[in-house]
Amino acid sequence: NKGQIQTPMIVKACLDVNKKVIVSYVPKLFSKPISPKTATKIGGMLKRVTKTGTAKGVFDGLGQEVSGKTGTAQTDSGDKQPHSWFMGYAPSDNPKFAFSCVLENGGYGKTGAARAMNDMLQTLFSR
């Protein structure tokens, strides 16, 4: 969003029984915490994570470009496998979905949460 945060919305529109829009809601700007230039730089970094970085290869067969960040957190609980996470958005250049996938004791970011997120995105983009 070019460094802008939108006010969260749950409802985009209200429809009548004939699926005619009765009321629609327009996203509203909440704040601008970073400049558009900084947002573009960060977006490029997140795109590189899936092209040449820690999630390289995970989303290759998806047919949509994904941008995101892998993560691994050590733990002393459970079977002591690290927690795995992947957060991002897709498609990279015109996002339709933002997501966060956290797997407790799921291993490393690429092998756990990123692969699980790929499976979920396969389903979303096939609809």
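The values are calculated or read from the model by the stated rules, or taken from the named source; none is laboratory data. Treat the numbers as computed from the prediction; the structure is a model and nothing was measured. Every residue, glycine among them, receives a Cβ derived from its backbone with ideal geometry; neighbour counts consider all protein chains shown. SASA here: full protein model, heavy atoms, side chains in, ligands and nucleic acids out. Shrake-Rupley method; radii C 1.70, N 1.55, O 1.52, S 1.80 Å.
Worth pointing out:
- Condition check for SER92: touching a residue at least 40 places away in the same chain (Cβ under 8 Å), polar (S, T, N, Q) and within 16 Å of LYS2 (Cβ to Cβ): yes
- Which numbered condition GLY109 fails, given (1) open to solvent by 70 Å² or more (accessible area, probe 1.4 Å); (2) modelled with pLDDT under 95: (1)
- Residue ID - most open to solvent (accessible area, probe 1.4 Å), chosen from residues in segment 3-19 that are in contact with a Ser or Thr (Cβ under 7 Å, 6 or more places away or on another chain) and part of a strand (DSSP E or B): ILE5
- Evaluating ILE22 against the criteria (1) at pLDDT 95 or above; (2) open to solvent by less than 80 Å² (accessible area, probe 1.4 Å); (3) of a type outside the set (Asp, Glu); (4) touching an Asp or Glu at 6+ places or on another chain (Cβ under 8 Å) leaves one unmet condition, (2).
- Filter result for ILE10 (out of contact with any Cys (no Cβ under 9 Å at 6 or more places or on another chain) and either under 25 Å from ASP119 (Cβ atoms) or not aromatic (Phe, Trp, Tyr) (or both)): yes
- Test for THR50: is it within 21 Å of ILE5 (Cβ to Cβ) and either open to solvent by 30 Å² or more (accessible area, probe 1.4 Å) or out of contact with any strand residue (DSSP E or B) (no Cβ under 6 Å at 6 or more places or on another chain) (or both): no
- From the list GLY63, GLY57, the lone residue that is over 17 Å from GLY43 (Cβ atoms), assigned to a loop (DSSP other than H, G, I, E, B) and modelled with pLDDT under 95 is GLY63.
- Residues in segment 76-106 that are hydroxyl-bearing (Ser, Thr, Tyr) and open to solvent by less than 30 Å² (accessible area, probe 1.4 Å): SER84, SER92.
- Flag: LYS37 matches the condition of being loosely packed, with under 12 Cβ neighbours inside 10 Å and not in a loop (DSSP other than H, G, I, E, B).
- Unmet requirement for PHE30, which otherwise passes all of (1) open to solvent by 60 Å² or more (accessible area, probe 1.4 Å); (2) under 16 Å from LEU121 (Cα atoms): (2)
- In segment 86-97, the residues that are closer than 17 Å to ARG48 by Cα and not in a loop (DSSP other than H, G, I, E, B): PHE86, MET87, GLY88, TYR89, ALA90
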